[in-house]
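Data first, discussion second: the structure below is written as structure tokens.
The values are calculated or read from the model by the stated rules, or taken from the named source; none is laboratory data. Everything numeric in this text was worked out from a predicted model, so none of it was measured. Using ideal geometry, Cβ is built from the backbone for each residue, glycine included, and neighbour counts are taken over all protein chains shown. When the accessible area is computed, the model is the full protein with side chains, heavy atoms only, and any ligands, DNA or RNA have been set aside. Shrake-Rupley method; radii C 1.70, N 1.55, O 1.52, S 1.80 Å.
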Amino acid sequence: MKRAGFTSVWLPVALLLPQLSIIAIFFYWPAGWAVQSSFYLQDPFGFGSTFVGFENYTDLTANSEYMRIAWFTVVFTVLVTFFSLSIALLLAVKADKVIRGAKSYRTLLMWVYAVAPPVAGFMGIMLFHQHTGPMTDFFKALGWDYKILVDYNSTATAFIIVSVWKQIPVNFIFFLSGLQSIPRAVREAAMIDNRSGVRRFWDITFPLLAPTGFFLLIINITYALFDTFGIIDTLVKGEPGNNPMTLVYKVYMDGFRGNDLGGSSAQSVILMVLVLVLTVFQFRLIERRIHYS
Amino acid sequence: MARSQTRKPFKWAPVFDHTILILGALFMLVPVVLAFVTSSHSAVQIAREGIMFVPGSHLGENYSKAMFEKGGFTATIDGMVMLKNSLILGLGFALGKIIISMLAAYALVYFRLRFATFAFWIIFTTLLLPLEVRILPSYEAIQRLDLANTYTGLIVPLIASATGTFFFRQFFRSVPEELAEAARIDGAGPVKFFIDILVPLSQTMIAAIFIIMFVFGWNQYLWPTLITTDEGLFTLVRGIKQIYQTMIDANSIPEYGQALALAIIAMLPPVLIVIFFQSWFVKGLTESDK
Amino acid sequence: MAQVTLNGVGKTYPNGFEAVKPSSFDIADGEFVVLVGPSGCGKSTLLRMVAGLEDITAGSLNIGDREVNDVDPADRDVAMVFQNYALYPHMTVRKNIGYGLKNRGTSAAEIEAKVQDAAKMLDLSALLDRKPSQLSGGQRQRVAMGRAVVRDPALFLFDEPLSNLDAKLRNQMRIEIKALQRRLGVTSIYVTHDQVEAMTMADRIIVLNGGEIEQIGTPAEIYHNPASKFVASFMGAPPMNLIDAQLENGEIRMNGSTVLTAPSDQAYAGPVTMGIRPEDVVIDEAGSTPFTIEIVEELGAHRLLHGRLAGHAFTVHVGKESLANAGEVRLQIKPDAIRLFQPETGKAI
Ligand SMILES: Nc1ncnc2c1ncn2[C@@H]1O[C@H](COP(=O)(O)OP(=O)(O)O)[C@@H](O)[C@H]1O
Ligand SMILES: [Mg+2]
């Protein structure tokens, strides 16, 4: 609220109306509906449903396949987050340092942001192709009998590499902008205080980047959980079979292929809670972030 | 001691830095370059040899077929139609989002509203849940509203999150108080102030958000896949998979060349926008989170 | 502690811009030298070359007996205070001050003792556990000073360290820094664009203009015998009055009519620029030179009379007891108050 707020009554209501009605119809209604149907068991033929309480949830935790997918999602998220953050950090530090060609590097390292995940996945299909993919040849040369879509780990590796590739630009952009917002004089003061570039990085630069890093951590976790859907769906060509998949993919499979409304809704609700927890965590970190500047 | 020109010992650090950056740039670039090179080969050749490392002779053929040859189950859709749909989705989403969120942010920041805090939380809770976690119920909602296979059903639910509103709210709050006060003294009402002062002031912000939203809309996949079963509404991103799958289903050699051509075309507009409006885009991205 | 020797030190930036022309001077052990000049004249560049933050592209630089052109900043044994203080935002005051020592392998106990000493000296003892964001501008400035002092370096470098403070605090810190430097006896180079700071703090002033040294000298020398029109107009507030005139046979003519007696022994003849400090002029009814007062600037302890002398803008500085009305007066200008410069080159004659 600004000090000199306008006092009209109907105008702000009219201004808020489009946003509020879209949210009501396409957010609150569906979300509420999901919560509700997660407590019901849908008749397979679509005639009515029975209230089953938490059964859909307990079924899930007892379901070993679901737990396996949940575990894969955790591993996948950790690896994608770790690799895309650390590669991007390394590149950002170097791009921030060089003088010659700095702009070209920046462009070359960020444009992939605009590539759609399924398009990335499609290129993955070609690169990791079981018979003709150069990545397959590469892994075979390393002595690994790489077989995408046949071998669980092979498929998982392709998921991770493509997902990391697609996520590096965002992290790179944020890290670079974080680095550039460190005052030049602070770095120079550090140069006078410390000869070792590596030590300077860990003592000064890295702590000053920590707020950006925490923020990106959340962004990357969200990305790995949700935005990789297009990559996974393309790589498995819509037929996951025994291949690894993430929780969101499972929601989709159960809801749209398996017609298990209750189970799928319960899974949605679990994901909602997960995101909620992450966001609360993020808000607490943002408070710290403001502290530095 | 007197020297006019200083001799410097050769420094290895920059060489190392550039090496890493070049490797990084290649890592990002090579897959797309290979996809482009491969898209210039015939389907038979790609099916046999996979990714190609030297350009072939089918470039024009693949791209013109991808763009102009009717395909799909119903043989009514070509690349041009998908391109049109992608543009409608990208532009519609970006414009809709900007207009709706600017209005809402304006109401929240510049008016004395009794239910302002409530409205704020109603709106910002939506930041918490991406569409992916509520696809199934959203799909149900669209079915009940009979909006499946319409542009409205495609675009509007995507707008139902507050990223833009949040962004503009932050920006409006950073606009000096004195501006609104001066405008009031000059006799400008709320509508005039918005149009004459706030919107022009927000130009850069609007441009930045527009680029991000356009790319976001253009690249949508899951939602279009669910909501458009009518091939006439397919977007490029949605269509690549379709072409690829119909090929598999037809038990013939997959039209890899065409599909790759389509993939290249699908990434071209957003990539070019991001490259050419780089500074706006980076600004929008890094400032939207504060 | 150390003396500093610059031998033809110059800087050409990679874009080809020569920010500092090859310059040579010595700074004695324990001396406080101020580099002064307008914004963009290359002061910071020169200082940063001494610090090792910019490559030296010409000449050689010695600190003590050692040539340091290729020595890392951390190994030059210098400490620097930056304009924006450059405090590490994530470290407490204690850590900020101690960081440079820690990297030099000083023991924790010794660091703590030295930090305490420095904090006491700078009145920071109560603030040691705060982060920079919890300090006022003046306190931050002190922390920056503490960071330099605690290291006990061979050379202090200051880059406009007071320009972010308000006027009152600036005056106070000016005195404190000078006193501190006296006490520690550390050789110092201090960069500023503020000629008052230069005059009050320096043992010696180096006036820089367009990347070139205009003059080196004590504050008194610089003030009374400026080597060029630039120095004359840059140092002193209000600046020296500069008037174009003709010098012939020991007489200075302005606009053909008004005549002044030239300083003794002038063999030169021709066009000159005449410089007169505003306070070197006395209002005297018996004076020979008419002066029209147009505006009186009241400054409390004294007054500035702005007006016209032989058609040229001219300022006179008088004590508060002197009259202060617009109108015609006569001035007495002693020959030895007059400085003469070549109009084209600007150099003193
Ligand atoms: N990295 C650089 N590349 C090119 N020119 C520069 C660079 N840094 C400073 N300059 C130029 O060098 C001149 C001197 O700069 P500086 O030493 O910072 O001046 P100041 O006397 O105000 O401290 C200025 O004209 C500035 O524009
Ligand atoms: Mg400077």
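Within segment C:64-80, restricting attention to residues that are open to solvent by 10 Å² or more (accessible area, probe 1.4 Å) and closer than 14 Å to C:V4 by Cα, which residue is nearest to the other protein chains (Cβ to nearest Cβ)?
C:E67
Could you check segment C:1-18 and list, in sequence order, the residues that are part of a strand (DSSP E or B) and either among the basic types (K, R) or under 18 Å from C:T57 (Cβ atoms) (or both)?
Residues satisfying the conditions are C:T5, C:L6, C:N7, C:G8, C:V9, C:G10, C:K11, C:T12, C:E18.
Out of the residues in segment C:138-164 that are under 13 Å from C:F82 (Cα atoms) and without any contact (Cβ under 8 Å) to a residue 40 or more places away in the chain, which is nearest to the chain's Cα centre (by Cα)?
Out of the qualifying residues, it is C:L162.
Would you be able to tell me the number of residues in segment C:154-173 that are among the acidic types (D, E) and either surrounded by fewer than 18 Cβ atoms within 10 Å (Cβ to Cβ) or away from ligand 2 (no atom under 16 Å from the Cβ) (or both)?
Total meeting the criteria: 1.
Can you tell me how many residues within segment C:32-62 are within 13 Å of chain A (Cβ to nearest Cβ) and away from ligand 2 (no atom under 16 Å from the Cβ)?
Of the residues in segment C:32-62, 2 are within 13 Å of chain A (Cβ to nearest Cβ) and away from ligand 2 (no atom under 16 Å from the Cβ).
Could we say that C:Q116 is within 16 Å of ligand 2 (Cβ to nearest atom), of a type in the set (S, T, N, Q), surrounded by fewer than 21 Cβ atoms within 10 Å (Cβ to Cβ) and closer than 22 Å to C:E176 by Cβ here?
No: the conditions fail for C:Q116.
Only residues in segment A:130-143 that are within 13 Å of another protein chain (Cβ to nearest Cβ) count as the first member; pair them with residues that are open to solvent by 60 Å² or more (accessible area, probe 1.4 Å) and β-branched (V, I, T), Cβ under 9 angstrom, at least 6 apart or cross-chain, and list the lot.
A:Q130/A:V150
Considering only segment A:65-90, state which residues are closer than 22 Å to A:S181 by Cβ and open to solvent by 10 Å² or more (accessible area, probe 1.4 Å).
Hits for segment A:65-90 are A:L85, A:S86, A:I87, A:L89, A:L90.
Does C:F314 meet the test of being within 16 Å of C:P238 (Cα to Cα), hydrophobic (A, V, I, L, M, F, W, C) and surrounded by 12 or more Cβ atoms within 10 Å (Cβ to Cβ)?
yes
Which of the strands (runs of 3 or more DSSP E) found entirely inside segment C:139-256 contain at least 1 residues meeting this: out of contact with any Leu (no Cβ under 8 Å at 6 or more places or on another chain) and of a type in the set (A, V, I, L, M)?
C:155-159, C:204-209, C:212-217, C:241-248
When the residues of segment A:177-198 are filtered to those that are more than 7 Å from every other protein chain (Cβ to nearest Cβ) and farther than 19 Å from C:K131 by Cβ, which remaining residue is most open to solvent (accessible area, probe 1.4 Å)?
A:R184
Looking at C:D129, C:D117, C:D70 in this structure, which one is assigned to a loop (DSSP other than H, G, I, E, B) and within 25 Å of C:D29 (Cα to Cα)?
That would be C:D70, the only listed residue that is assigned to a loop (DSSP other than H, G, I, E, B) and within 25 Å of C:D29 (Cα to Cα).
Name the residue, out of C:D77, C:D129, that is of a type in the set (D, E), away from ligand 1 (no atom under 16 Å from the Cβ) and under 30 Å from C:L208 (Cα atoms).
From the options C:D77, C:D129, the qualifying one is C:D77.
Restricting attention to segment A:175-193, does a residue exist that is without any contact (Cβ under 8 Å) to a residue 24 or more places away in the chain, touching a Leu at 6+ places or on another chain (Cβ under 7 Å) and part of a helix (DSSP H, G or I)?
Yes, that holds for at least one residue.
Looking at (1) within 16 Å of ligand 1 (Cβ to nearest atom); (2) assigned to a loop (DSSP other than H, G, I, E, B); (3) open to solvent by less than 10 Å² (accessible area, probe 1.4 Å), which is the only condition C:D55 fails?
Result: C:D55 fails condition (3) only.
Within segment A:196-249, considering only helices (runs of 4 or more DSSP H) that don't extend past its boundaries, which have at least 1 residues that are in contact with a helix residue (DSSP H, G or I) (Cβ under 9 Å, 6 or more places away or on another chain), at negative phi and touching a residue at least 40 places away in the same chain (Cβ under 8 Å)?
Of the helices (runs of 4 or more DSSP H) lying wholly inside segment A:196-249, those with at least 1 residues that are in contact with a helix residue (DSSP H, G or I) (Cβ under 9 Å, 6 or more places away or on another chain), at negative phi and touching a residue at least 40 places away in the same chain (Cβ under 8 Å) span A:206-222, A:229-235.
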